[in-house]
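To start, the structure under review is shown below, and the notes come after it.
The values are calculated or read from the model by the stated rules, or taken from the named source; none is laboratory data. Keep in mind that this is a model prediction, so the values were computed, not measured. All Cβ positions, glycine included, derive from the backbone under ideal geometry; neighbour counts span all protein chains shown.
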Amino acid sequence: MDVLYFIGQHINVSDVLYYVMANECCPIVPSCCDMRGMLSFYILWLLSKESMNGQELSEELGKRRGTKPTPGTIYPALKELRLKGLVDMERKGRTTVYTLTEPGREGLNEACNYFCSVFGEIFQEHR
């Protein structure tokens, strides 16, 4: 059985796929995320686990993608998410910490549903 760790919970991939497909959600690309490169999706997902600064986000993304995004990539993405109201930022000394907002959490949920509906068949066949 394939299990994912998502937003503090262990979930069964097939349960997620069944739920998404049964509810026919997200017929269009969610406005919160550019699904082509998926950077904004990844940032929202990481911030759903804990608040982080840009360097921490870059390091976590690097662990998962194999390469760390440059400051010229990650900070414009964070700015766009902040302007959309999906992420808040707070200065703590010399560090800026980013936190997921409630609209960000809702957008992430919508994006996860969309992601599963688009790639669900791949996950099922890969099992």
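Looking across segment 73-119 at every residue that is of a type in the set (Asp, Glu) and in a strand (DSSP E or B), the one that is surrounded by the most Cβ atoms within 10 Å (Cβ to Cβ) is identified as Asp88. Scanning segment 80-108 for residues that are under 17 Å from Tyr42 (Cβ atoms) and of a type in the set (A, V, I, L, M) yields a count of 5. Could we say that Leu39 is touching an Asp or Glu at 6+ places or on another chain (Cβ under 7 Å), modelled with pLDDT of 80 or more and of a type outside the set (Lys, Arg) here? Criteria not met by Leu39.
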